[in-house]
Amino acid sequence: MIRALIIDDEQHAREELEHLIAETGAFEVLGSCANAIDALRRIRTEKPELLFLDIEMPVLNGFELLAMIEDELMPHVVFVTAYNEHALKAFEEKTLDYLLKPVSPERLLKTVNKVREAIRRGELPRYQVESLRHVPCQFANRIKLVPVADVEYVFSDLTGIHLVTAEGQFFTELTLKVLEERTSLLRCQRQYLVNSEMIDEIRLLDNGLAEIKTRLGNTLPVSRRYLRQLKVHLDL
Amino acid sequence: MSLIFQLFQQTAVIIVIAYLFSKSPAMDCLSGGRLQRRQWLLLYIVFSSFSILGTYTGLPIQGAIANTRAIGAVLAGLIGGPILGLSVGLTAGLHRFSLGGFTAFSCGVSTTVEGLIGGLVYLYLVRRKKPEQLFHPFVAFSATLIAEVLQMSIILLLARPFGDAVALVKVIAVPMICANSIGAALFISMVRDQKRVRDKVGARFSAKAFSVADRTLGILSRGFSPETAREMAEVIRQETGVGAVAITDREEILAFSGIGDDHHHAGNPVVTKWSRQALRENKVVFVDGYDEHFQCPLSNNCPLGSALVVPLQLDQDVVGTISLYEPKTKLFLNINRSFGEGLATIFSHQLLRSRFEEQKSLLNQSELKLLQAQVNPHFLFNTLNTIMAVVRKDADQARELLLQLSNFFRTNLKREGNLVTLREELAHIGSYLEIEKARFGERLTVDQEIDPMLLDLKIPIFTLQPLIENAIKHGIADLLDQGQIWVRAYRQQGVVVIEVEDNAGSYCKPIDGQGLGMRLVDQRIKNVYGSEFGLTVDCEPQQKTLVQVKLPLRDDK
């Protein structure tokens, strides 16, 4: 049984797909998600092998969701879409397969075979993900997209990952690692990323450590390990 | 006393010559303002001749000559400035000097001085910014009077023996002062009248040209067709007063108006060799009626005798001709000839313009079609997918959805024309909204508040659909929680407001930055009702997007 997660913002579409998938008998459906943020949580907790992923979803579309998933958690992906133009793009992204809505059971069987084959060969899903221009943050009952350029720094604590901007702090589901890899933010300490555009000065301390003073007046720690990388990045 | 009459006779001769001169092209120099070298030279020769002629036609008297030499010199200064006055005065003075007599020297000097006086008056008036006064007869009269008085003084001062000079001046002073002053005044008044006539003709001609252009361009902007051609031919004939006007395309006569319309009919093929030549060679063909006679190919009794055929161009191609005809009994005026040519140029520009407009409107239409085609596949497949899911649980709802879908596509496909009632437009988007409500489930609610008085209001077709689609696509579909759409129609200060509001507020752009569909709706309304109507977008990010359509409340709804 292939452990699969369905992601689609439309209830009817999710139900229909659940139904069709159940009929093949090849999948264990871990759940259905109505949006990308919910999906990201479920991927982290359930670690599915396969996503049935709708492309057009509110706030964050399917491609953007892929860009938010850490490499080691990346499942195989089958896009499910009503749009042909995106189907082409999905193909370029080297997705495993794509299905057009409304989905026919016969076509779904082909997908099942493809997925089984890929898993049997032990292929690791590697999608060419786009870099993130916005960081999705939880904000009241909405998802706020914070432009990377607006971010001053990011830090993690016991409660999770926080973005600091001139407007205030925002909580994000993304990990520091994803943010470091998929945005222009630079790591300056194990728990901190900084936007190099926001650095006002770097003060070198006695013990090989350093401090960053940001343009907004905040002070961030710089560890010995990341100071070197930071210098390389900033051509110091 | 007889001397004064004799001098007037001399003056009359000069005036006659001046009259002929005023009819000649050299007259153009006298329009006032700065002179070019050639004009200056021409005036110098003309006025020197006048002046010398004044000496020759003079009457020998007491060893001197009573004359009208002063007119040429003073007027040269008055019209051409001090240098011209001095030059003419000196030339005529030297000439007088060469003739001898006891006043030879004094007359030579005085003529030069007279030219200078004309020039000084010129300088005075130009500096006082009153150059138009130069052509005033009174100014010419006064200047010549002063000049002649001065001449008499110079004769008394320079001519010897003094006794002879006094005797001479006694006899010639009054006649010469009178004759010269009046002569100069007459001359200048003639020049002035001639100038006025020319200005008036020019003004009338321009007024006529503008009037024709104004009347015909409006007609032509409706396109180049037999109907507009007929109206245009009529206007051109009325305004120019030519015998007949014909407008053709490349093949046949579109319109004919005027003499000979008993056998020249719209719909006849273009047969005359001149029209064919104009069409073929893209050039103006003129049959003047003298060297070449217009030969009507249809009737030997045709009264038309001369013709001007001007090609009409569109881009580089000749698309037709405009022909002006005069009957055999009438001269083809040059004025009408240049007029016809100018008119054809204007028309060619207008044709290019209306083709541009036409293509623009075609483009608009195809954009509209494209828009319909673009939106529908997405909508269709998503709807089919929804129905497939619904059919498993609720066959009745599925059937209902299929009905709505058929309704939507049927009205979408058969919609034609430009205006529909608000009721029809609401029914159309109603089907669309029902389907979307099923698709989004609890995520979408729609409220309508429509003033029932407005249901029969005619509005441009497809006004609401792009607004609703936008609210769904960029609003509700992008919202994680409950989406709400309001559709309202009400009257406000004599204006009809139809608005679509959503609670997403995720598409905050002014109308120019909106999608093609919204811009087209705005453009079409502005085209039909004027720029005070159309679309406005009001947006509070994350709160609401409100799109308002303003339309006139018309009585003929």
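What FRET efficiency comes out for residue B:41 versus residue B:126 if R0 is 25 angstrom and r is the Cβ-Cβ distance? Round to the nearest 0.05. The partial results should precede the final answer.
Working: r = 21 Å, r/R0 = 0.83.
The formula returns an efficiency of 0.75 here.
Filter the trypsin sites (Lys or Arg not before Pro) in region B:302-368 down to the DSSP loop ones having no more than 14 other Cβ atoms within 10 Å, then list what survives.
For trypsin sites (Lys or Arg not before Pro) across region B:302-368 that sit outside H, G, I, E and B with at most 14 neighbouring Cβ atoms in 10 Å, the list reads B:328.
Ignoring trypsin sites (Lys or Arg not before Pro) that are buried or in helix or strand per DSSP, and keeping those with at most 12 other beta carbon atoms within 10 Å, what is the longest stretch of chain A between them?
Numbers: sites that count: A:94, A:126, A:190.
Longest run free of exposed loop sites: A:1-93.
Within chain B, which is the longest segment that contains none of the GluC sites (Glu not before Pro) sitting in a DSSP loop with at most 14 other Cβ atoms within 10 Å? Don't skip to the answer; put the middle values down first.
Working: sites that count: B:251, B:292, B:416, B:532.
That gives B:1-250 as the longest site-free run.
How many percent of DSSP beta bridges within the protein assembly as shown run antiparallel, rounded to 5?
That works out to approximately 75 percent antiparallel.
Bin width 10 Å, origin at 0, all Cα-Cα pairs of the protein assembly as shown: what percent of pairs per bin?
Once binned at 10 Å, the Cα pair distances of the protein assembly as shown give 2, 10, 12, 10, 10, 10, 9, 8, 8, 7, 6, 4, 2, 1, 0.
Using a basic spin-label model with each label point 7 Å from the Cα along Cα→Cβ, how many nm lie between residue B:8 and residue B:493?
About 7.8 nm, to one decimal.
Neighbouring Cβ atoms within 10 Å as the yardstick, rank A:53, B:90 fewest first. Provide the component values of the computation, followed by the final result.
Numbers: A:53 27, B:90 18.
The most exposed by this proxy come first: B:90, A:53.
For an R0 of 22 angstrom, estimate the FRET efficiency from the Cβ-Cβ distance between residue B:346 and residue B:273 and round to the nearest 0.05. Don't jump to the answer; show the numbers that get you there.
Working: r = 26 Å, r/R0 = 1.20.
Step by step, r from the Cβ atoms, then E = 0.25.
Please work out the C-alpha center-to-center distance from region B:253-305 to region B:65-134 and express it in whole Å.
Measuring centre to centre over Cα atoms gives 58 Å.
Efficiency by 1/(1 + (r/R0)^6): what FRET value for residue A:47 and residue A:225, r their Cβ-Cβ distance, R0 = 25 Å, to the nearest 0.05? The partial results should precede the final answer.
Values: r = 30 Å, r/R0 = 1.18.
Step by step, r from the Cβ atoms, then E = 0.25.
Do the sum for the protein assembly as shown: with -39,500 (n - 2.57) for every DSSP H run of n ≥ 4, divided by all residues, what is the mean residue ellipticity at 222 nm, to the nearest 500 deg cm²/dmol? Before the final figure, lay out the partial values.
Details: 21 runs with 396 residues, N = 793.
For the protein assembly as shown, the value works out to -17000 deg cm²/dmol.
Under 5 Å between amide hydrogens, which residues at least 5 positions from residue A:145 or on another chain qualify, with H placed 1.01 Å from N in the peptide plane?
Correct list: A:137.
Assign unit charges at the C-beta atoms only (+1 for Lys and Arg, -1 for Asp and Glu), then state the dipole size of chain B relative to its Cα centre in Debye, rounded to the nearest 20. Before the final figure, lay out each step's value.
Working: 57 positive and 54 negative charges, 537 e Å.
Approximately 2580 debye in magnitude.
Any of A:177/B:509; A:177/A:231; B:393/B:458; A:144/A:231; A:144/A:213; B:283/B:328 with alpha carbons more than 30 Å apart? Name them for me.
Working: A:177/B:509 35 Å; A:177/A:231 20 Å; B:393/B:458 41 Å; A:144/A:231 32 Å; A:144/A:213 27 Å; B:283/B:328 24 Å.
As for pairs spanning more than 30 Å Cα to Cα, those are A:177/B:509; B:393/B:458; A:144/A:231.
Give, in whole angstrom and from largest to smallest, the semi-axes √(5λ) of the equivalent ellipsoid of region B:281-372, with λ running over the eigenvalues of the Cα gyration tensor.
Values: eigenvalues 304, 37, 20 Å².
For region B:281-372, the ellipsoid semi-axes come out as 39, 14, 10 Å.
Can you give the Rg to Rh ratio of chain B, both from alpha-carbon atoms, with Rh computed by the Kirkwood formula?
Numbers: Rg = 41.9 Å, Rh = 31.6 Å.
We get a ratio of 1.32 for chain B.
Considering only A:160, A:62, A:208, give the residue with the highest GNM mean-square fluctuation for chain A, with springs between Cα atoms whenever their separation is below 10 Å.
A:208
Net charge within 15 Å of residue A:132 by Cβ-Cβ distance, Lys/Arg positive one each and Asp/Glu negative one each, not counting residue A:132 itself?
Details: positive: A:133, A:144, A:177, A:182; negative: A:64, A:70, A:71, A:130, A:150, A:173, A:180, A:181.
The answer is -4.
Around residue B:509, under 15 Å between beta carbons, what's the net of Lys plus Arg minus Asp minus Glu among the other residues?
Result for the neighbourhood of residue B:509: -3.
If the reach is capped at under 16 angstrom between alpha carbons, list the lysines near residue A:114, excluding any in the same chain fewer than eight residues apart.
Those lysines meeting the cut-off are A:94.
Place +1 on the Cβ of every Lys and Arg and -1 on the Cβ of every Asp and Glu in the protein assembly as shown, take the dipole about the Cα centre, and give the residue among B:73, B:379, B:224 whose Cα lies farthest towards its positive end.
Comparing the listed Cα positions along the dipole, B:73 ranks first.
Which order results if A:137, B:539 are arranged by neighbouring Cβ count within 10 Å, fewest first?
Details: A:137 22, B:539 18.
Sorted ascending by nearby Cβ count, the order is B:539, A:137.
Lys and Arg at +1, Asp and Glu at -1: add these up for the other residues within a Cβ distance under 10 Å of residue A:213 and post the number. Walk me through the intermediate numbers first.
Values: positive: A:203, A:215; negative: A:200, A:201, A:211.
Taking every other residue near residue A:213 into account, the sum is -1.
Hey, what's the Kirkwood Rh for region B:87-168 if you take every pair of different alpha carbons, in angstrom? Walk me through the intermediate numbers first.
Details: mean 1/r = 0.0739 Å⁻¹.
About 13.5 Å, per the Kirkwood formula over Cα pairs.
Per-residue HN-Hα couplings for region A:161-166, Karplus 6.51 cos²θ - 1.76 cosθ + 1.60 at θ = phi - 60°, whole Hz, x for Gly and Pro?
Couplings: 9, 10, 9, 10, 10, 4 Hz.
Each value in this text was obtained by applying a stated rule to the coordinates, not by laboratory testing. This structure is a prediction, so every number in the text was calculated from the model and none was measured. Because the Cβ atoms are built from the backbone with ideal geometry, glycine has one as well, and the counts that use them run over all protein chains shown.
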